[in-house]
Amino acid sequence: MEFNQNHGLSTKSRKFWIILFSFFVVIMILTMLKDWWLTKDEPNVFFYIFVPILSIIGGVLSMYGVAKISNQTITYLTLLAISLWANIMMQIVENIMKIIYYRIWEYPGYLYFVLVIPLGFLLMVFGLIWWGKVKSWMAVMLASAYFVGSLIIGLILTDMIGLTTPGS
């Protein structure tokens, strides 16, 4: 990824966005193939196209709203970049955990909630502090807003609309 000198993200760079979105697309394709491999059921491609990106956008809009209400100077593009970065990292962890679960050791499902969700939250907070230049308490508030907004969109898409896929 492309960074500027003071730990900021180069959100005005076309190259930065191409690289970031390319990583996101590659990890989503690998996730889809991993789910297909592990479940032997054909994945719903629409799930992988719409649910992750719309959940991310919902979370970022929630963060941006909280940032504006609290007079933070962080931009929408910075929030989007941090969110994409955190989601890419968490998807990698999630993929590894599911491979372990299906192929090596069938651990209790609550370990997913103990590891993946808190780690995702911490990555988001870290990104907001490091790249977003917000205070730690504000990073926690913004990350919380992100997870609420993302969860609402995810639930609407999966539970109300019924957009699901095997393995997710």
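Here are the numbers for the structure shown:
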item: Solvent-accessible ranking of 17, 36, largest area first, probe 1.4 Å; result: 36, 17
item: Label-to-label distance, nm, for residues given as residue 117 and residue 77 (7 Å Cα→Cβ offset); result: 3.4 nm
item: Principal semi-axes in Å for the chain [√(5λ), Cα gyration tensor, largest first]; result: 28, 17, 16
item: Normalised alpha carbon radius of gyration of region 115-168 [divisor 2.2 N^0.38 Å]; result: 1.37
item: Accessible surface, per residue, of the chain when the full set of protein chains is kept, probe 1.4 Å, Å²; result: 57 Å²
item: Lysine pairs in the chain with Cα atoms under 27 Å, if 8 or more residues apart or on separate chains; result: 8
item: Positive-end extreme of charge dipole, the chain - chosen from 153, 132, 37 (charges on Cβ); result: 132
item: Computed lengthening from residue 30 to residue 97, 0.36 nm per intervening residue step minus Cα-Cα distance; result: 22.7 nm
item: At R0 = 41 Å, FRET efficiency that the Cβ-Cβ distance of residue 50 and residue 133 yields, to 0.05; result: 0.80
item: Hz values of 3J(HN,Hα) by residue in region 127-133 - Karplus curve (6.51, -1.76, 1.60), Gly and Pro given as x; result: x, 5, 6, 6, 8, x, 6
item: Gain on full stretching of the segment that runs from residue 156 to residue 57 - 0.36 nm per residue minus C-alpha separation; result: 34.3 nm
item: Calculated [θ] (222 nm, deg cm²/dmol) that DSSP helices of n ≥ 4 give over the chain, each run adding -39,500 (n - 2.57); result: -24500 deg cm²/dmol
item: Positive-end residue, the chain charge dipole about Cα centroid, Cβ charges, pick of 55, 110, 82; result: 82
item: Linear extension gain, residue 70 paired with residue 107, 0.36 nm per residue minus alpha-carbon span; result: 9.2 nm
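The values are calculated or read from the model by the stated rules, or taken from the named source; none is laboratory data. Just so you know, these numbers come straight off a predicted model, no measurement behind them. Here the Cβ is made from the backbone with ideal geometry for all residues, glycine too, and neighbour counts use every protein chain on show. Remember, those area values only see protein heavy atoms, side chains included, never the ligands or the DNA or RNA. Shrake-Rupley method; radii C 1.70, N 1.55, O 1.52, S 1.80 Å.
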